[in-house]
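Reviewing the structure listed below.
The values are calculated or read from the model by the stated rules, or taken from the named source; none is laboratory data. Every value quoted in this text rests on a predicted model; they were computed, and no experiment measured them. All Cβ positions, even for glycine, are placed from backbone atoms using ideal geometry, and neighbour counts span all protein chains on display. Quick note on the areas: whole protein, heavy atoms, side chains included, nothing else; ligands and nucleic acids left out. Shrake-Rupley method; radii C 1.70, N 1.55, O 1.52, S 1.80 Å.
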Amino acid sequence: MGLRVGQRVRWLHESGEGIITALLDKKQVEVDFGDGMPMEVDIDEVIPIDQTEGVYLTRKEDTARPPVEETPKVLGSRMFVVSLAVVKEGIGYSFYLMNPEPTDLVYTCYLKRKSKLEGIAVGRLARNDYTQLFQLGTAETQEIKGVYFQFINFVTGQGHPHQPFSFDLPWAKNQLTEIPIGIPWLESQGWTFPLRQDRFTQDVEKTPESDFIRIRQTDQPVTRPEPIIDLHIEELNKDFLKLQPAEILQIQLRTMEKAVSDAWAHAHPSMIIIHGVGQGILKQKTMEHLKALSFIFKTEPGDPARFGQGASRVIFKEKNS
């Protein structure tokens with residue numbers, strides 16, 4: 001491919017670009033994707049930017065709206081997260097949908113008022129963009145009981161159909177009583193609410209009682225739930241938008257190490273780590289840390305039906321081994 005140190009490259013099948021910092025061998029190079037922590041990648045996974053620049057130079061820019069400043073990338077956390085933003089404007093509030101994902105999405109939005117769902121907004125939102133959903137007066141905002149969303153995310157001309165998902169955001173009269181924070185995308189103060197896809201969440205409280213009775217009657221051992229640690233940064237730090245990528249990664253790794261140690265100390269045979277897909281940096285660093293732990297037997301991909309490609313299972317050594 002003729003790669004060289006200092007050359008800009010782009011992921012072949014994902015978003016993101018970086019600069020080659022070293023040529024390791026005939027099959028691998030070291031690339032810095034902007035976080036100051038170069039990672040080893042196969043040369044088949046990247047393509048020189050000068051080979052694709054023509055495509056980007058011929059794109060029509062949207063002149064109707066000034067360019068939106070990108071939010072800090074959440075390393076490795078790509079289970080799909082968008083946000084609802086609310087801004088006080090005049091005598092009411094404006095509701096916005098923000099999409100920092102590397103995929104476009106189609107959305108529908110409903111308001112729950114007086115126990116009824118009312119359709120209020122529908123549309124398509126491009127990656128790394130935002131849109132205004134609706135405006136309500138102060139009294140109308142206090143009447144809301146919930147905000148319900150349906151999403152389908154996709155990349156035009158690429159990939160395969162994604163599973164649609166819904167998000168039901170409960171709403172109370174005091175929902176907007178906390179001190180508003182800065183929202184860089186909107187250049188304003190307001191409130192944000194993450195709307196994330198929880199494909200890996202299990203509600204054990206909804207297990208039918210008959211299943212528990214059957215287990216007791218057959219004297220089968222009850223298996224403890226497998227621990228799951230979610231490394232999405234928005235779950236670990238509410239001010240994650242103010243953090244630098246290196247700070248985000250350190251928080252995620254510290255959380256992972258503590259969760260793994262706790263699972264081992266409590267004699268769990270295995271656990272699940274949700275690291276997402278993204279640029280693969282968080283997964284790579286996680287694997288490096290796990291290899292250094294003497295009580296780890298092996299790692300393997302998590303169940304794709306539950307976690308997609310964004311999780312790994314850690315299997316511990318037996319205590320007496």
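Taking all protein chains together and rolling a 1.4 Å probe, residue 138 ends up with roughly 50 Å² accessible.
Extending 7 Å from the Cα toward the beta-carbon at both residue 131 and residue 19 defines two label points whose distance is 3.7 nm.
When nucleic acids and ligands are ignored and a 1.4 Å probe is applied, residue 168 ends up with an accessible area of around 80 Å². If you sort 8, 306, 254 by accessible surface, 1.4 Å probe, largest first, the order is 254, 8, 306. Probing with 1.4 Å while keeping every protein chain in the model, the per residue accessible area of the stretch 223-321 equals 53 Å². Given a cut-off of 21 Å, name the pairs among 26/298; 285/319; 112/238; 238/298; 258/317; 27/298 whose C-alpha atoms lie farther apart than that in the structure shown. Flagged as over cut-off: 26/298; 285/319; 112/238; 238/298; 27/298. Sorted largest first by accessible area at a 1.4 angstrom probe radius, with every protein chain in place, the residues 44, 129 fall in the order 44, 129. With 0.36 nm allotted per residue and the present C-alpha distance subtracted, the residue 299-residue 270 stretch has 9.5 nm of extension available. Of the options 155, 174, 141, report the single residue whose Cα projects farthest towards the positive end of the charge dipole of the stretch 117-176 (beta-carbon charges: Lys, Arg +1; Asp, Glu -1). The one lying farthest along the dipole's positive direction is 155. FRET efficiency for the pair residue 172 and residue 121, taken as 1/(1 + (r/R0)^6) with r the Cβ-Cβ distance and R0 = 22 Å, rounds to 0.55.
By the scheme Lys and Arg +1, Asp and Glu -1, what is the net charge of all other residues having a beta-carbon under 15 Å from that of residue 138? Result for the local shell: 0. Carbon-plus-sulfur accessible fraction, the stretch 276-321 (probe radius 1.4 Å, protein heavy atoms only): 54%. Evaluate E = 1/(1 + (r/R0)^6) for residue 28 and residue 317, where r is the Cβ-Cβ distance and R0 equals 22 Å; express this FRET efficiency to the nearest 0.05. Efficiency, rounded to the nearest 0.05: 0.15.
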